[in-house]
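Engineer: I am attaching a structure below and will ask some questions about it afterwards.
Bear in mind that the values in this text are calculations on the coordinates, not laboratory data. Note that this is a predicted model, so its numbers are computed, not measured. Note that we place each Cβ from the backbone using ideal geometry, even for glycine, and neighbour counts take in every protein chain shown.
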Amino acid sequence: MLSRNLIELALTWGTGLVLLSAALLLLQPAWRRRAARRRIERRIGWMGTQQLRNVLIDDGMEGKVFVERLLLTTEGVRVLVQNWRNGNIFGGHNIDVWAQVVDKRTRRFPNPLYGVIDVVASLRAHVPGVPVFGDVLFAGDCDFPKGKPENVITLDDLPGGAPDVDDQVLVSATAAAAWEKLSAMAEPVTNPVLLGDEGEGGGQGGRIGAAAASFVAALVWIAWRLWTMRAAPHL
């Protein structure tokens, strides 16, 4: 009898652990991606003394322009757009359509610099006399075999550590005043869609759904097995 009980318990908890382990394995890519994004966020923060994220600002033509990230730096105001793409990237400053090659498959996407140029032009109209410039950060595991276009940066270009001095004192009074003006105009945007997210995170929703299903299956299995074992006359 004892031997049968041990077998039943081993089957119950063993199967449950297998299902729970499968759920954890399915969630690992999402966890790694989230941890990578946190590291990138920290390094981007070292690029400026202050920043705004995901805001709308008047474009000067009775409309609004979306600004993914705005940084106050010692050089002026910097617009930064992240593009999450892996693989080899091919494009140029004046090329309308760029290409992303992953595992010999090519995906084309619009030149991301055009959007940055529009944002920079809108902001310059609000803060004349203050340098406003912009870059596109390709934050995925990517490379530019034919060279990076101007105003394109990768993770290798981000600061590797916090600055040793307080750059706040190096920001000019004019730039600080411009920053206050832009901050007052900014309207927050919730749940924005980042460039390239649909490619870089492909399949993530399916993995999370499968992990949730495995987790629920484990709980249901264990609960059912314990109930049947308890209800069985010989147990």
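Engineer: Can you say what percent of the DSSP beta bridges in the stretch 46-202, counting only those with both residues inside, are antiparallel? Round to 5. Please report the intermediate quantities before stating the final value.
Structural biologist: Working: 22 of 35 bridges.
Looking only at bridges with both residues in the stretch 46-202, the antiparallel portion is about 65 percent.
Engineer: Non-local amide H neighbours of Gly134 (under 5 Å, H modeled in plane, Pro and chain starts lacking H): which ones?
Structural biologist: Under 5 Å from the amide H of Gly134: Val79.
Engineer: A further question follows. From the square roots a ≥ b ≥ c of the eigenvalues of the alpha-carbon gyration tensor of the stretch 27-148, which class results: rounded (a/c under 1.5), prolate (a/b over b/c), or oblate? Before the final figure, lay out the partial values.
Structural biologist: Numbers: a/c = 2.09, a/b = 1.39, b/c = 1.50.
It comes out oblate by the Cα gyration axes.
Engineer: Which far-off residues, 5 or more places away or on another chain, put their amide H under 5 Å from the one on Ala139, with H placed in the peptide plane?
Structural biologist: Long-range HN contacts for Ala139: Asn83, Trp84, Arg85.
Engineer: Can you list the residues, at least 5 places off or on another chain, whose amide H is less than 5 Å from the amide H of Lys64, using H built in the peptide plane?
Structural biologist: HN-HN under 5 Å from Lys64: Asp59.
Engineer: Something else now. Can you work out ³J(HN,Hα) from phi for every residue in the stretch 44-52, in order, using Karplus 6.51 cos²θ - 1.76 cosθ + 1.60 and θ = phi - 60°, giving whole Hz and x for Gly and Pro?
Structural biologist: My calculation for the stretch 44-52 gives 5, x, 6, 7, x, 8, 8, 8, 10 Hz in order.
Engineer: Label points 7 Å out from Cα along the Cβ direction at Asp157 and Met185: separation in nm?
Structural biologist: 2.5
Engineer: Rounded to the nearest 0.05, what FRET efficiency do Arg39 and Asn94 have when you use their Cβ-Cβ distance and R0 = 25 Å? Before the final figure, lay out the partial values.
Structural biologist: Working: r = 33 Å, r/R0 = 1.32.
According to the calculation, E is roughly 0.15.
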